[in-house]
Amino acid sequence: MFPRVAYFPDSFHEVNGVAHTSRNFVAFAERRGMPLLCVRAGAKDRAFEQRGELRTLELKRSRLAVGLEWDLHFDPMFFWYRDLISKRVREFRPDVIHITGPSELGMFGAYFSWKLGIPLAASWHTNVHEYAARRIGWAPQVVQRGVEAGMLEATSRFYRMAKVLYAPNPQLCALLESRTGRACHLVRRGVDTEFFSPAKRTRVVGDGTVVLGYVGRLSVEKNLALLPRIEKELRQRGMRAQWVIVGHGAEAAMLRDAFGAGAMKGVLRGESLARAYADMDLLVFPSHTDTFGNVVLEALASGVPALVTPDGGPAHIVQDGVTGRMAPDEGFSEAIVEALADPVEFAGMRKAARAYAMSCSWDEVFERVVAAYPVGERTVTT
């Protein structure tokens, strides 16, 4: 029997890992008949819907919402919804409240956990401390380190309110346990291997063209300044590649100048995204800050090996030389040349990438989440 879960995701409709995971969690709950109340921000205003055991409350952010990223915002006026959220949460009678970060939604979830005596679970999806430091890359190193340390301490204090934590890679779990004193469960991500598939490829394998791709937010913390450097080094090595850049964000202008307007595909969804992945030869993902890297797993499911750094979550997805390559920034161009040098070995890498992705099921991911919920630890209800 499933617990009753009130879920407060940082984002839901946006294009990022939290939103992608949240949409799949809601789909899992509906598919399995788990009682779930999802309180989220969106275009609808005060919209409540119920479908079977699934309930959703969508709230529109005000004009005073502060932009944090291309499509991410924080609304200081969200407290106006307190009574409405309280009504729906009390009616739902959750066994556990689950938040995904220190957003206005996460703060509401933590508040109602305290107010109603309902145990709190929290997922760590974003290294906000590292992001904050990279957003002030113009500042002296001592200032960047101070900002990163301060943000990590503040975020850790927020997560200490939860009884159980989740993180997508072992290093983050160890960090959270040491900073909060709470148990942290390793919960990776799943992928739809029917949707993301080599069958979606429209190019002929071995057509003589090298297609390199990037998918994700076009923001400074993704280390995207490395991509033009890679292109220059590849040309010096005699390799000419076509680039496909999928996503949006502040770094779009820089990438457009480097690769031309034709490489910039914007945000793709549905079959267009699946085909874009499948038509790549290699996903080039230079981020050092990603906690997991959903796009890396989607590429592998599409039969596309990935090139990643040794830092963060993607390093726990890619097996160097088997499902892709792993290299420091200065070794990316060499790794690309080596990966593509032997067509037979590269074909084996493509098959291994697909085989790994086939073992990653969303149902298994969320079953582990639900199994670790601190159900039965309710304190005082007011």
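Under the Karplus relation 6.51 cos²θ - 1.76 cosθ + 1.60, θ = phi - 60°, what is the ordered set of whole-Hz ³J(HN,Hα) values for segment 154-167, x standing for Gly and Pro?
Per residue, the Karplus-derived 3J(HN,Hα) values read 5, 5, 4, 4, 5, 6, 5, 5, 7, 7, 9, 10, 10, 8 Hz.
If I take every Cα pair under 8 Å that is 6 or more residues apart in the chain, average their sequence separation and divide by the length, what percent do I get for the relative contact order?
16 percent
Return the FRET efficiency for the residue pair Glu91, Val322: r is the Cβ-Cβ distance, R0 is 56 Å, and the value is rounded to the nearest 0.05.
Step by step, r from the Cβ atoms, then E = 0.65.
Please tell me which of these pairs span more than 25 angstrom C-alpha to C-alpha: Lys60/Lys87; Lys200/Lys265; Lys60/Lys265; Lys222/Lys265; Lys44/Lys87?
On the way: Lys60/Lys87 17 Å; Lys200/Lys265 17 Å; Lys60/Lys265 28 Å; Lys222/Lys265 17 Å; Lys44/Lys87 18 Å.
Lys60/Lys265, as the Cα separations exceed 25 Å there.
Let me have the 222 nm mean residue ellipticity of the chain computed from DSSP H runs of 4+ only, each contributing -39500 (n - 2.57), with the sum over all residues rounded to the nearest 500.
When only DSSP H runs of four or more count, the value is -12000 deg cm²/dmol.
Could you calculate the FRET efficiency of Ala372 with Asp342 from 1/(1 + (r/R0)^6), where r is the beta carbon distance between them and R0 is 41 Å, rounded to 0.05?
The formula returns an efficiency of 0.40 here.
Could you tell me which Cys residues in the chain have no other cysteine's Cβ under 4.7 Å from their own Cβ, answering none if every one has a partner?
If one checks each Cβ against the other cysteines of the chain, Cys38, Cys360 turn up with nothing under 4.7 Å.
In units of 2.2 N^0.38 Å, what is the alpha-carbon radius of gyration of segment 198-358?
So segment 198-358 has a normalised radius of gyration of 0.93.
Run the simple label-point estimate for Arg229 and Arg203 please: 7 Å along Cα→C-beta, distance reported in nm.
2.5 nm
Based only on the alpha carbon positions, what is the Kirkwood hydrodynamic radius of segment 249-311, in angstrom?
Roughly 12.9 Å, rounded to one decimal.
If the cut-off is a Cα-Cα distance under 14 Å, which aspartates and glutamates reach Lys163, setting aside same-chain residues fewer than 8 apart in sequence?
Of all the aspartates and glutamates, those that pass the test against Lys163 - Cα under 14 Å, at least 8 places apart if same chain - are Asp95, Glu177, Glu377.
Relative to a virtual label point 7 Å from the Cα of Arg46 in the Cα→beta-carbon direction, which members of segment 77-104 show backbone nitrogen distances below 19 Å?
Inside the label zone: 77-92.
Calculate how steeply helix 226-236 sits against the longest principal axis of the alpha-carbon atoms of the chain, using the helix alpha-carbon long axis, and give the answer as 0 to 90 degrees to the nearest 10.
Long axis of 226-236 versus the principal axis of the chain: about 10 degrees.
Give me the one-decimal Kirkwood hydrodynamic radius in Å for the chain, with the sum taken over alpha-carbon pairs.
21.8 Å
Every number in this text was worked out from the coordinates using simple rules, so none of it is lab data. The structure presented is a predicted model; accordingly, all values stated were derived computationally and were not measured. Every residue, glycine as well, gets a Cβ built from its backbone with ideal geometry; the counts of neighbours run over all protein chains shown.
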